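The block underneath contains the structure these notes are about, expressed in structure tokens.
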Amino acid sequence: MTTQRIAFIGLGNMGGPMAANLVKAGHAVRGFDLSGAARERLAAQGGQAASSIADAVRDADVVITMLPAGEHVLAAYGGPDGILAHAAPHAVLLDSSTVPPDVPRQIAAQARPGTALLDAPVSGGTAGAAAGTLTFMVGGDAALVERMRPLLASMGRAIHHGGPLGAGQTLKLCNNMLLGILMAGTSEALRLGIANGLDPKVVSAVMQQSSGRNWTLEVYNPCPGVMESAPASRGYTGGFATDLMAKDLRLAHAAAAASGVAAPLGDLARRIFEVHRANGHGPLDFSSVFADPVMLEQALAVR
Ligand code: NAD
């Protein structure tokens, strides 16, 4: 693959390791994050730290954003200091953050005609970002997706084109609504076993080999001490924040309401994670919901 100049905006839990994998693949990566520590980490890994978004994107062939939510993405793209004002006309703009499907379409409406733009959110967690095994869910022009496939393959192992701009985000919302339900449900099942005298390692191993098997049991067990590599075993740090899961469940809820789809389990998961946030656990990994049991009445009181 030819070396490309890549601007990477948002070097957090996901963006940091994704940018590092682009460096490893031989690309020239200039990254910007509001956090100085995140910029220094990229520089230590062989990338270049930029002093602003404008400085990062100026000469880039590809601009990738990996920011918390829709408002951060719109702010990074818009305004006199933003990506649209400073990226080269030939640059491909790719947003991997999880945001409302409408956000990429709003950016397209602000961009000069012909701007190459894709929404490309990911799944796989921080371990998948570090290992370069993410799943990309992409929306936008099919030929552009094919052009970007080799670059995305430096960060992921599955690249799915869902349809026009915004389709990647819709795919991501479907997945994360299910993930929220699975994490809340797996936590309940484990707590039920523990309360009745069972060893959580045994409950986990049995469910993993039975019909309750799911991703949280395979790689992200929420009970501390069951799986050394999971955030639960490092104080629920460094994973996928409860704040971000609550955001995704709100987005899924809004999408379900807008399309007239009944999604009562997704809505209950949204309320459970909202209570968990209100209990002060927003910055912790979302699997910490295991350690903060939410009663049905508390969840139903959330609007
Ligand atoms: P994070 O909070 O760890 O990282 C976001 C980074 O963006 C932070 O370092 C922050 O300083 C930076 N930032 C915020 N505003 C900025 C700005 N204006 N300019 C430059 N930098 C800015 O979040 P994360 O876990 O890396 O998640 C990023 C996105 O990926 C979110 O949309 C999330 O929903 C999604 N996601 C996360 C995971 C996960 O497991 N953590 C998995 C899949 C998708």
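Nothing in this text is a laboratory measurement; each read-out follows from the coordinates by a stated rule. In this text the structure is predicted, and so the values were computed from the model without any measurement. Please note: Cβ atoms are built from the backbone with ideal geometry, for glycine as well, and neighbour counts cover all protein chains shown.
Tabulated data
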quantity: Candidates Val226, Val206, Val62, ranked by Gaussian network fluctuation over the chain, Cα under 10 Å, top entry; calculated: Val206
quantity: Using distinct alpha-carbon pairs, which all enter the 1/r mean, Kirkwood radius of the stretch 170-301 in Å; calculated: 14.9 Å
quantity: Descending Cα extents along the principal axes, the chain, whole Å; calculated: 62, 43, 33
quantity: Mean Cβ count within 10 Å, highest first, over the residues of peptides 218-224, 281-287, 156-162; calculated: 281-287, 218-224, 156-162
quantity: Packing-based exposure ordering (other Cβ within 10 Å, fewest first) of Ser204, Ser233; calculated: Ser233, Ser204
quantity: The chain, helix-only ellipticity at 222 nm - DSSP H runs n ≥ 4, -39,500 (n - 2.57), divided by all residues, nearest 500; calculated: -13500 deg cm²/dmol
quantity: Neighbour net charge for Cys223 - beta-carbon separation under 9 angstrom, K R +1, D E -1; calculated: +2
quantity: Ranking of Thr170, Thr115 by count of other Cβ atoms within 10 Å, fewest first; calculated: Thr115, Thr170
quantity: Helix 167-195 vs. the chain, principal-axis angle (Cα, 0 to 90°, nearest 10); calculated: 30 degrees
quantity: Simple spin-label estimate for Asp102 and Val302 in nanometres, 7 Å along Cα-Cβ; calculated: 2.2 nm
quantity: Sequence of Leu296, Leu94, Leu198 once ranked by neighbouring C-beta atoms within 10 Å, starting from the fewest; calculated: Leu296, Leu198, Leu94
quantity: Residue-by-residue Karplus 3J(HN,Hα) for the stretch 265-277, coefficients 6.51, -1.76, 1.60, Hz, glycine and proline x; calculated: 5, x, 5, 5, 4, 4, 5, 4, 6, 5, 5, 4, 5
quantity: Equivalent ellipsoid, the stretch 5-164 (semi-axes from 5 times Cα gyration tensor eigenvalues, Å); calculated: 20, 19, 14
quantity: Relative contact order of the chain, defined on C-alpha pairs under 8 angstrom at six or more residues apart (%); calculated: 12 percent
quantity: Per residue, the convex hull volume that the Cα atoms of the stretch 103-228 enclose (Å³); calculated: 119 Å³
quantity: Hypothetical label at His160: residues of the stretch 212-244 whose amide nitrogen lies under 15 Å (7 Å Cα-Cβ projection); calculated: 215
